Amino acid sequence: DAGVTQSPTHLIKTRGQQVTLRCSPKSGHDTVSWYQQALGQGPQFIFQYYEEEERQRGNFPDRFSGHQFPNYSSELNVNALLLGDSALYLCASNPWTGDNTEAFFGQGTRLTVV
Amino acid sequence: AQSVTQLDSQVPVFEEAPVELRCNYSSSVSVYLFWYVQYPNQGLQLLLKYLSGSTLVKGINGFEAEFNKSQTSFHLRKPSVHISDTAEYFCAVTLAWRDFNKFYFGSGTKLNVKP
């Protein structure tokens, strides 16, 4: 079992550009959540996808959007990048029908905005 | 609103010494409690979790945590640390029966084990 996989591992973008990050959930998991971890801080919830719909959203602007595909994989898109968007972006997966007790996290994508 | 406070941003400790990493939470509803570990350039790995029942929870790598409802705390302990325990530790909560699998994290505690 490959667990949760994210790509790319590292990414450098320029202010104002757009970026897409990708996540493949753990086998058997159909729900994907995205978190932003700024330097020196804990992860913050961005949003969650299940059945190709956004189910929950944290306090992030509309520049942050996502998508889930029929195979449960997911993308995080960020438009009009700001320097403050530099962070580690973590993807987490879990089965929707499971209890509310655990998420499996990927290794993350380190985004640097210059 | 929910919040998680980790009182120590950094904890230096010598190898084989005991350690306690402190975590307090605030919530108006019942929560589940977790500790995750993050090694450099890696994602989060679950150490242990408290859902219900016994307030003393044992996890992987010799760690344990105790849930104290009256003090709204969930401190993480290890009786004897190793160099390999050097990492950042995050306390987190989810709401019981709501906001399915949405985690609220503390700001983390960096554990630095010295030889």
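Just a few scattered comments:
- Per-residue SASA entry for residue B:49, accessible area with 1.4 Å probe, Å² rounded to 10: 60 Å²
- For region B:30-115, the fraction of 1.4 Å probe accessible surface lying on carbon and sulfur atoms is 51 percent.
- Ignoring the sites themselves, chain B has its longest run without GluC sites (Glu not before Pro) in a DSSP loop having at most 14 other Cβ atoms within 10 Å at B:17-115.
- Residue order for B:78, B:69 - accessible surface, 1.4 angstrom probe, largest first: B:69, B:78
- Surface calculation, 1.4 Å probe, protein heavy atoms: residue A:67 sits at approximately 80 Å² accessible.
- The candidates A:69, A:105, arranged from most to least accessible area with a 1.4 Å probe in the full protein assembly, appear as A:69, A:105.
- Accessible area of residue B:22 in the full protein assembly, 1.4 Å probe (Å², nearest 10): 90 Å²
- Area buried, chain B against chain A - accessible surface, total, 1.4 angstrom probe, square angstrom: 1900 Å²
- Projecting the alpha carbon convex hull of region A:5-113 along each direction and taking the average yields 6.3 nm².
- Point-charge dipole on Cβ atoms (K/R +1, D/E -1) for the protein assembly as shown, about Cα centre, debye to 20: 380 debye
- Peptide-level mean, for A:39-46, of C-beta atoms on other protein chains within 10 Å: 6
- Cα-Cα over 19 Å, subset of A:26/B:58; B:78/B:110; A:13/B:110: A:26/B:58; A:13/B:110
- Surface per residue (accessible, 1.4 Å probe) for chain B, Å²: 48 Å²
- Accessible surface, 1.4 Å probe, highest first, among residues B:7, B:48: B:7, B:48
The values are calculated or read from the model by the stated rules, or taken from the named source; none is laboratory data. Since we're looking at a predicted model, the values are computed, not measured. Methodologically, a virtual Cβ is constructed for each residue, glycine included, from the backbone with ideal geometry; neighbour enumeration extends over all protein chains shown. Ligands, DNA and RNA are excluded from the accessible area calculation, which covers all protein heavy atoms including side chains. Shrake-Rupley method; radii C 1.70, N 1.55, O 1.52, S 1.80 Å.
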